[in-house]
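Only one structure is covered here, and it is reproduced in the block below.
The values are calculated or read from the model by the stated rules, or taken from the named source; none is laboratory data. Here the structure is a predicted model, which means the values were calculated and not measured. For neighbour counting, all protein chains shown are included, and Cβ atoms are generated from backbone atoms with ideal geometry for every residue, glycine included. These area figures cover heavy atoms from the full protein model, side chains too; ligands, DNA and RNA do not enter into them. Shrake-Rupley method; radii C 1.70, N 1.55, O 1.52, S 1.80 Å.
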Number of protein chains: 2
Amino acid sequence: MGRKSDMPKLGAEPIRKAALINATIFEVGRAGSLDVTVAQIARRAGMSPALAHHYFGSKDQMFLAAMRYILRIYGDSVRESLPGRGTRGRLNAIIRASFAPVNFQRETVSAWLNFYALALTSPEAARLLRVYHRRLRSNLLVALRGLTDDPGRVADTLGALIDGVYLRAVLTPGPTDAAAAQQVIETYLNEALA
Amino acid sequence: MGRKSDMPKLGAEPIRKAALINATIFEVGRAGSLDVTVAQIARRAGMSPALAHHYFGSKDQMFLAAMRYILRIYGDSVRESLPGRGTRGRLNAIIRASFAPVNFQRETVSAWLNFYALALTSPEAARLLRVYHRRLRSNLLVALRGLTDDPGRVADTLGALIDGVYLRAVLTPGPTDAAAAQQVIETYLNEALA
DNA sequence: TCGTTAATTGATCAACCAATCAAGAACAGG
DNA sequence: CCTGTTCTTGATTGGTTGATCAATTAACGA
């Protein structure tokens with residue numbers, strides 16, 4: 001039988017790292033700030049602060065790993081729902097993925113935003129963000145082909161609008177309303193592609 | 001005669017406070033983070049850290065005062081350019097004010113964003129932000145009256161779009177391009193009000 | 001002139017925290 | 001068993017920082 005409580009000895013590295021990344025996102029989202037101590041994160045992940053340093057080397061590396069993770073999760077959820085048929089279907093798939101529960105949970109969005117702020121300071125974080133922006137734009141451009149005569153502008157507007165909606169979602173008290181957010185985006189699209 | 005340069009002894013409070021607020025915005029914008037020390041801010045404002053504490057009591061109060069200031073500056077610049085004639089003129093005035101140089105300098109936008117993040121933590125900051133959102137929305141609703149049959153949705157979209165454009169402006173390397181930003185907004189308006 | 005009030009700072013404290021290290025505990029292979 | 005490797009942590013440290021306080025200087029009013 002697979003036990004859990006007594007065998008975490010060998011091959012622990014990937015499990016520990018994953019636990020730390022999850023804990024980082026959770027704590028950053030919860031605190032609404034990057035001002036979380038390594039001790040907090042480690043405790044949440046069920047280990048000592050020293051072990052966290054052992055696996056990640058530094059707090060910054062932990063943040064970057066967490067950022068890579070949420071960006072990858074987002075990329076995956078887009079890719080998963082991408083085979084939407086037809087150009088307009090493809091477009092809707094991207095939107096839908098952006099506001100899928102995984103990407104729109106309050107803690108996730110809060111962490112996301114704080115990692116944005118990190119990009120103002122850390123070149124590595126800025127690089128990650130550029131990659132994400134480039135991919136999103138590229139995906140949007142493909143999906144918009146044929147639907148408008150200025151795909152570049154619409155893609156830019158759409159990107160900014162998505163970010164803005166995220167921002168407001170996390171800043172508005174109460175539960176986040178993914179459906180309403182999605183509606184805003186789709187209504188814009190209907191107008192822009194008329 | 002009222003002199004200025006040789007009597008800086010009494011009545012220093014307002015001058016010092018203003019200097020500290022400016023220094024706070026500048027340093028927060030420069031660092032791209034709220035992780036600036038009171039010593040940094042005080043030095044930039046030309047005084048000792050102790051004096052900063054003397055006038056503001058705490059670092060948080062300094063941040064809140066700075067946030068109030070940038071929000072007020074923004075409100076003023078909107079109100080100033082508001083008497084635009086005609087409904088559409090009024091709308092353009094709000095947009096123009098949002099992207100006026102004062103409000104779109106890199107340091108200002110960066111500070112703005114970091115104060116947004118502060119609202120995730122500080123109830124007082126959240127309150128200030130709500131006031132700003134409410135006012136912007138109210139202004140937009142008035143300006144949109146008669147131009148669309150769903151002013152509420154357009155106002156929401158517009159607000160999110162403005163925030164998103166700000167976000168991208170500060171995250172994109174290189175100088176901020178206010179004209180391009182404004183163009184994105186106005187193109188959206190032309191589509192939405194068609 | 002004297003006392004009161006505002007302005008200003010150096011010195012200092014107490015807290016916090018990221019990072020290091022040495023050492024212990026558990027396991028695999030021989 | 002014995003040995004080396006992985007895993008794990010308590011203890012420590014070096015540095016930073018928000019905040020306090022006593023003391024000094026300068027202005028103002030009576």
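The set of residues from the range B:15-42 being open to solvent by less than 40 Å² (accessible area, probe 1.4 Å), touching a residue at least 40 places away in the same chain (Cβ under 8 Å) and within 12 Å of DNA strand C (Cβ to nearest atom) comprises just one member, B:LEU20.
Residues checked against (1) closer than 30 Å to B:PRO123 by Cα; (2) part of a helix (DSSP H, G or I); (3) at pLDDT 95 or above:
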residue: A:LEU118; (1), (2), (3): yes, yes, no
residue: A:ALA143; (1), (2), (3): no, yes, no
residue: A:ALA160; (1), (2), (3): yes, yes, yes
residue: A:LEU167; (1), (2), (3): yes, yes, no
residue: A:VAL170; (1), (2), (3): yes, yes, no
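Just to be sure before I move on: is B:LEU128 open to solvent by 10 Å² or more (accessible area, probe 1.4 Å) and either in a helix (DSSP H, G or I) or in contact with a strand residue (DSSP E or B) (Cβ under 9 Å, 6 or more places away or on another chain) (or both) in the structure I sent?
Yes: the conditions hold for B:LEU128.
Scanning the range A:10-36 for residues that are within 11 Å of DNA strand D (Cβ to nearest atom) and either within 14 Å of another protein chain (Cβ to nearest Cβ) or under 28 Å from B:TYR116 (Cβ atoms) (or both) returns A:LEU20, A:ASP35. Give the residues of the range A:60-70 that are more than 9 Å from the chain's Cα centre (by Cα) and open to solvent by less than 60 Å² (accessible area, probe 1.4 Å), sorted by residue number. Passing the criteria: A:MET62, A:PHE63, A:LEU64, A:ALA65, A:ALA66.
Quick one: which of B:ALA65, B:ALA42 is touching a His at 6+ places or on another chain (Cβ under 9 Å) and within 16 Å of DNA strand D (Cβ to nearest atom)? It would help to see each step written out before you state the result.
Values: B:ALA65 fails: touching a His at 6+ places or on another chain (Cβ under 9 Å).
Testing whether each residue is touching a His at 6+ places or on another chain (Cβ under 9 Å) and within 16 Å of DNA strand D (Cβ to nearest atom) leaves just B:ALA42.
Beta carbons closer than 6 Å, at least 6 apart along the sequence or on distinct chains, pair a first residue in the range A:48-66 that is in contact (Cβ under 8 Å) with a residue 24 or more places away in the chain with a second that is hydroxyl-bearing (Ser, Thr, Tyr) and surrounded by 16 or more Cβ atoms within 10 Å (Cβ to Cβ) for A:MET62/A:THR24; A:ALA66/A:THR24. Every condition in (1) of a type in the set (A, V, I, L, M, F, W, C); (2) farther than 16 Å from A:ASP163 by Cα; (3) buried (at least 17 other Cβ atoms within 10 Å of the Cβ) holds for A:ILE73 except the one numbered (3).
Do we have any residue at all in the range A:86-99 that's on the phi > 0 side of the Ramachandran plot and either within 12 Å of DNA strand C (Cβ to nearest atom) or modelled with pLDDT of 95 or more (or both)?
Of the residues in the range A:86-99, the ones on the phi > 0 side of the Ramachandran plot are A:86.
Filter once more, keeping what is either within 12 Å of DNA strand C (Cβ to nearest atom) or modelled with pLDDT of 95 or more (or both): none.
Within the range A:86-99, none of the residues are on the phi > 0 side of the Ramachandran plot and either within 12 Å of DNA strand C (Cβ to nearest atom) or modelled with pLDDT of 95 or more (or both).
Considering only residues that are among the hydroxyl-bearing types (Ser, Thr, Tyr) and touching a residue at least 12 places away in the same chain (Cβ under 8 Å), look in the range A:110-124 and name the one that is nearest to A:LYS59 (Cα to Cα).
Residues of the range A:110-124 among the hydroxyl-bearing types (Ser, Thr, Tyr): A:110, A:116, A:121-122.
Keeping just the survivors that are touching a residue at least 12 places away in the same chain (Cβ under 8 Å) gives A:110, A:116, A:122.
Working: A:SER110: 18, A:TYR116: 17, A:SER122: 13 Å.
Looking at residues that are among the hydroxyl-bearing types (Ser, Thr, Tyr) and touching a residue at least 12 places away in the same chain (Cβ under 8 Å), I get A:SER122.
Residue pairs whose Cβ atoms lie under 8 Å apart, separated by 6 or more positions or on different chains, with the first residue in the range B:68-91 and more than 22 Å from B:VAL131 (Cβ to Cβ) and the second part of a helix (DSSP H, G or I) and open to solvent by 60 Å² or more (accessible area, probe 1.4 Å), are B:GLY84/B:ARG90. Residue check: A:VAL170 meets all listed conditions (1) within 10 Å of chain B (Cβ to nearest Cβ); (2) under 23 Å from A:SER81 (Cα atoms); (3) touching a residue at least 40 places away in the same chain (Cβ under 8 Å) but one, namely (2).
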